[in-house]
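The values are calculated or read from the model by the stated rules, or taken from the named source; none is laboratory data. The structure displayed is predicted, hence computed values, not measured ones. Every residue, glycine among them, receives a Cβ derived from its backbone with ideal geometry; neighbour counts consider all protein chains shown. For accessibility, only protein heavy atoms count, side chains too; no ligands or nucleic acids. Shrake-Rupley method; radii C 1.70, N 1.55, O 1.52, S 1.80 Å.
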Amino acid sequence: MFWLALGLFGLAAPVERGRHARLFFSLSAIGGVVLTVVGLAGLGNWPQAMVLGLGLPDLPFHVRVDPLSSFFILLLGVASAAVSVFSAGYFERGGGGDIRLVCLQYHVFLASMVMVLVADDAYLFMVAWESMALASYFLVITDHRVAEIRRAGFIYLVVAHLGAIAILLAFGVLQLGQWTYTFDAMRNAPLSTGWGAVAFLLALIGFGAKAGFLPLHIWLPEAHPAAPSPVSALMSGVMLKTAVYGLLRVSFDLLQVQVWWWGVLALAVGLATAFYGAVFAAVQTDMKRLLAYSSIENIGVILTGVGLALVFHAYAMNLLAAVALAATLYHCLNHALFKTLLFLATGAVMHATRQRSLGKLGGLIGRMPWVAALALIGTLAIAGLPPLNGFVSEWLLFQSFLLSPGLPNSYLNMFIPIGTALLALVVALSGYVMVKFFGVVFLGLPREESLREAHDAGMAERVAMGWLAAWCVVLGLVPVLFLRALDPIFQLMVGATLRDSLDASSWMFVTAVSPEQASYSPIVFLLVIVAVIVLGGLGLRRWFSVQRRRAPAWDCGFGKRNARMQDTAEGYGQPIKQIFQVFLRLDRHHPSPFDPRPRYHSRIEDPIWERLYVPVARLVDRLSALVGVVQHGRIAVYLVYSFLTLLLLLALIL
Amino acid sequence: MSFSHVLLQLIQGLLAVALAPLVLGWVNQCRAWLQNRSAPSLLQPYRVLLKLLRKEIVLAHNASWLLRCAPYVVFACMVLAACIVPLVATDLPFSLAADVIALVGLFALARVFMALAAMDVGTAFGTLGSRREMLIAALAEPALLMVFFTPALIGHSTALPNIVETFTTGPLQLYPSMAFAAVAFIMVLLAENARIPVDNPSTHLELTMVHEAMLLEYSGRHLALMDWAHALKLMVYMAIGIALFLPWGIARPHDWLGVPLALIAMVVKLMAIGAGLALLETLAAKMRIFKVPEFLGMAFMLAVLGMLIHFLVEA
């Protein structure tokens, strides 16, 4: 079944003469649904390995599907089905670029992501990884006539390759002199903790470059606004998760032994990334940049979960590691769902209004009711509010934080709770960010006249977003059923099962380790809230006035108001700017009160650029200038160099 | 889960909803006495609610469905919160549905709806209130979570009934960490419920308003629901404080005789806390919005200190 889906992607890929986006993207949507089913089915199965006769002679491709890869295949399937359906509508109406090329790259991108997830040797993994990077690079620069987009693509490419080198080195360390690059061999390699640490650090850097861990996140806010919306959705929703998959695969599967400080490192990096992403998302004025920073934040939350699981597992507290891992995986899937949903919503908004800047949107809830309603579900989910899915993973993560006092290390006991507080701040800030995002785009008065002509999204777009929103709701309401399905992963990765605690109470209640510790029931939440609303509404209607009339807004009797008086994205982020000034690089100009033509401008830059990347770039420049000394451009000189090299080599050999 | 449990749950929920305006009335009365004013009647909040319920709703021309839904959602969230917190008894069926973290999430849900609806009409005041509210919440939430951390560590559970059980059934022991947590909790309570010194509940038409600024566009029964929900929120916060720091008197499981006693204890405790709140509000002055981060930062540090003391002294 799994091969069927892969074949479908493969078939759809080479047919680049497809004139109709609709046909091919619909086909690939079917592929996505098939992958969803395959992933769900594969969760319960034990690993199935296979050797393909492809690849170089003596280097066949090894593939293997285990519950972990099945889970990520499920994630890919759900998100890609939606993105494909959306693309059918989006590119049909002219999404920019040559549609045939986009179609080809899009499917190569999907297929290579599947290959990454099923690869069972470093060779196939790297091939798939690189083709994924390249395909996504070409998708990012679909609008390659714009200089900014080319620049964004370049940054992305550089960071992606830095990461790829680190991953390659990590695999090199992992095989430890056996010179066989199958994952099986790596599992059995007798690695000392020192080499294990090197491999882990390299993997953290390598996969971190793709996922966007601090300070390797800089490509995300550049590439996401540059790419067409469905592509940003796919990159943010799914591609970042392949990096998480890689990290999990290396640290829990290939490395058999863990050391606690790896987990602490991952935890610290994760929290820093999450906090950084949340603060920067709060001050953005471009809706896709805002979502990109929000992705950084969510990736940070996911890495925090990975770190906790590593710490627990290193101390052989497998049950707690399973809880942390459950939170991590749940958040991976959740983020794939709501971030894809929100990126698709921005795509629909951009299609309707041709605006990307938050300062020029507003009031779209009246013009685009469908997109607004579906985006509201995504907004509430990503803000981590019950009873939707985002809250479940956050709840599980908080629970695993609360279990950390059981650790036999008193320093960790004291410092991990402070991490909890930071996580709480991040969660609260993400609520702030999402209220800002939804409020500025969809609520209030339209900030531009042209917005009054905005049209709602087409059927394909609605279906795509509805599919994702439905998953958000279902995963929010019945987390226990889904966590039970994930149980084989925990058994495989950390050797513990959550069955006992999941079966201890009814399917309505999620528990972390035992019902006495804590429980949460989203169903009860929803039922009570709905019941109160219905009963209250009926009661009020029955006994009291039902009259309603429309009038100009009250606004404290102020009277004359216009769209420019409401908060802009800039204004909404202002308190955050003020409070977290130390973290931001702010370039702000206030006009003087006597200025006849007052102009205010404020620009926020990523301080990482200034403090890390610019010095590194200068260093590279200086080094290359040194190399330049020996480069004269004259053929005679180069011949002398080769001659001298030959002599030297001969001298060495003889 | 037997019939009696459901009955108990229903009684507690309805009791909380019915009594919430009374608590607000009591706080207002105490405050008036302390400030040498003649106090309004204890029942004044009910009269205001009744008046608002009878009035027609005036909606702005561009108000969307979100503004009309928000009062119901906010009210329902607060009713659910009132059902979860052990006010008179610990064995409530609904209390299994949420531990303290889920409770924080529930408050966040109500707050996000309120903040979004405040942006709906697109007035300067509404958006101003919305962003201030979200800012205060973003800073209060970590502090609140740290406050919950200490009792959760002592009780080995984040479920409120279990924490109450630990404190009421265990030997009477002094927990210095809980004193720090209690002070931090009071500070968060003031911030989250729009009380002085963070926000002024009796303000209207001031540039500094936060909560009131979000309610400007509501009228009629929408406003009534919002006000009622606000009163409920204050009462639920008091109830959480009681459960964490003064849990004695709350009826134990299957202790039916304890329920009337618990009722009396609850009324006494709520009155005491209400009077204390009025005193705090009389003594303090409202602070600038950019002082609020310092205020909440202090609450956060106190909570962390409490937790560290727990590790050093009590563990």
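Of note:
- Some residue of the stretch B:279-295 being away from chain A (no Cβ under 14 Å), without any contact (Cβ under 8 Å) to a residue 24 or more places away in the chain and closer than 19 Å to B:Phe75 by Cα: no
- 2 or more residues within 15 Å of the chain's Cα centre (by Cα): qualifying helices (runs of 4 or more DSSP H) within the stretch B:18-122: B:65-84, B:100-118
- Residue within the stretch A:418-433 that is more than 14 Å from every other protein chain (Cβ to nearest Cβ), in a helix (DSSP H, G or I) and touching a residue at least 24 places away in the same chain (Cβ under 8 Å) present: no
- When the stretch A:155-205 is filtered for residues that are within 19 Å of A:Trp260 (Cβ to Cβ) and surrounded by fewer than 20 Cβ atoms within 10 Å (Cβ to Cβ), the ones remaining, listed by number, are A:Ser192, A:Thr193, A:Gly194, A:Trp195, A:Ala197, A:Val198, A:Leu201.
- Flag if B:Phe125 is aromatic (Phe, Trp, Tyr), over 20 Å from the mean Cα position of the chain (by Cα), facing chain A (nearest Cβ under 8 Å) and crowded, with 24+ Cβ neighbours inside 10 Å: yes
- Screening the candidates A:Leu303, A:Leu341, A:Leu310 for the property of being more than 19 Å from A:Val426 (Cα to Cα), surrounded by 24 or more Cβ atoms within 10 Å (Cβ to Cβ) and touching a Ser or Thr at 6+ places or on another chain (Cβ under 7 Å) yields one hit, A:Leu310.
- A:Asp567 vs. criteria facing chain B (nearest Cβ under 7 Å), closer than 25 Å to B:Ala138 by Cβ and acidic (Asp, Glu): yes
- Entry remark, the stretch B:160-193: residues being in a loop (DSSP other than H, G, I, E, B) and either in contact (Cβ under 8 Å) with a residue 60 or more places away in the chain or open to solvent by 40 Å² or more (accessible area, probe 1.4 Å) (or both) number 5 in total.
- Scan of the stretch B:55-69 for residues that are free of Cβ contacts under 8 Å to residues at least 60 places away in the same chain and either open to solvent by 60 Å² or more (accessible area, probe 1.4 Å) or on the phi > 0 side of the Ramachandran plot (or both), ordered by number: B:His61, B:Trp65
- Residues satisfying the stated conditions in the stretch B:12-27, i.e. surrounded by 13 or more Cβ atoms within 10 Å (Cβ to Cβ) and without any contact (Cβ under 8 Å) to a residue 60 or more places away in the chain: B:Leu14, B:Leu22, B:Gly25
- Scope the stretch A:607-654; condition on the phi < 0 side of the Ramachandran plot, surrounded by fewer than 10 Cβ atoms within 10 Å (Cβ to Cβ) and in a loop (DSSP other than H, G, I, E, B); matching residues: A:Val629, A:Val630, A:Arg634, A:Leu654
Yes/no per residue for (1) surrounded by 22 or more Cβ atoms within 10 Å (Cβ to Cβ); (2) in a helix (DSSP H, G or I); (3) modelled with pLDDT of 80 or more; (4) touching an Asp or Glu at 6+ places or on another chain (Cβ under 7 Å):
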| position | (1), (2), (3), (4) |
| --- | --- |
| A:Leu52 | no, no, no, no |
| A:His62 | yes, no, yes, yes |
| A:Phe86 | yes, yes, yes, yes |
| A:Phe91 | yes, yes, no, no |
| A:Leu134 | no, yes, yes, no |
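Yes/no matrix, rows are residues, columns are (1) under 16 Å from A:Ser236 (Cα atoms); (2) within 14 Å of chain B (Cβ to nearest Cβ); (3) at pLDDT below 90:
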{"site": "A:Ala324", "(1), (2), (3)": "no, no, no"}
{"site": "A:His331", "(1), (2), (3)": "yes, no, no"}
{"site": "A:Ala336", "(1), (2), (3)": "yes, no, no"}
{"site": "A:Gln355", "(1), (2), (3)": "no, no, yes"}
{"site": "A:Leu358", "(1), (2), (3)": "no, yes, yes"}
{"site": "A:Pro369", "(1), (2), (3)": "no, yes, no"}
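- Boolean, B:Ile309 is at negative phi, open to solvent by 10 Å² or more (accessible area, probe 1.4 Å) and over 18 Å from the mean Cα position of the chain (by Cα): yes
- Test: residue in the stretch A:141-149 that is open to solvent by less than 10 Å² (accessible area, probe 1.4 Å) and either within 28 Å of A:Tyr613 (Cα to Cα) or touching a helix residue (DSSP H, G or I) at 6+ places or on another chain (Cβ under 7 Å) (or both): no
- Residues of the stretch A:114-124 include none that is under 30 Å from A:Phe482 (Cα atoms), hydroxyl-bearing (Ser, Thr, Tyr) and part of a helix (DSSP H, G or I).
- Residue identified as touching a residue at least 24 places away in the same chain (Cβ under 8 Å) and among the small types (Gly, Ala, Ser) among A:Gly172, A:Gly196, A:Gly177: A:Gly196
- Close Cβ contacts (under 9 Å, 6 or more residues apart or on different chains) running from residues in the stretch B:70-90 that are in contact (Cβ under 8 Å) with a residue 60 or more places away in the chain and more than 10 Å from every other protein chain (Cβ to nearest Cβ) to residues that are open to solvent by 10 Å² or more (accessible area, probe 1.4 Å) and among the acidic types (Asp, Glu) comprise B:Ala89/B:Asp255; B:Thr90/B:Glu165.
- Within the stretch B:143-159, tally of residues that are crowded, with 24+ Cβ neighbours inside 10 Å and either modelled with pLDDT of 90 or more or closer than 16 Å to B:Phe311 by Cβ (or both): 9
- Residues of the stretch A:567-579 classified as of a type outside the set (Val, Ile, Thr) and open to solvent by 10 Å² or more (accessible area, probe 1.4 Å), total: 5
- Subset tally (residues that are small (Gly, Ala, Ser), surrounded by fewer than 24 Cβ atoms within 10 Å (Cβ to Cβ) and within 11 Å of another protein chain (Cβ to nearest Cβ)) for the stretch B:198-219: 1
- Yes/no for A:Arg561 being in a loop (DSSP other than H, G, I, E, B), at the interface with another protein chain (Cβ under 8 Å from one of its Cβ atoms) and within 25 Å of B:Ala118 (Cα to Cα): yes
- Verdict on B:Ala115 being facing chain A (nearest Cβ under 7 Å), touching a residue at least 24 places away in the same chain (Cβ under 8 Å) and open to solvent by less than 10 Å² (accessible area, probe 1.4 Å): yes
- Criterion violated by B:Arg31 - all others in (1) in contact with a helix residue (DSSP H, G or I) (Cβ under 8 Å, 6 or more places away or on another chain); (2) surrounded by fewer than 16 Cβ atoms within 10 Å (Cβ to Cβ); (3) of a type in the set (Lys, Arg) satisfied: (2)
- Selection status of B:Lys51, open to solvent by 20 Å² or more (accessible area, probe 1.4 Å), out of contact with any Leu (no Cβ under 6 Å at 6 or more places or on another chain) and more than 7 Å from chain A (Cβ to nearest Cβ): yes
- When each of A:Ala278, A:Ala274, A:Ala243, A:Ala268 is tested for being within 24 Å of A:Ile149 (Cα to Cα), of a type in the set (Gly, Ala, Ser) and in contact (Cβ under 8 Å) with a residue 12 or more places away in the chain, the lone residue that passes is A:Ala243.
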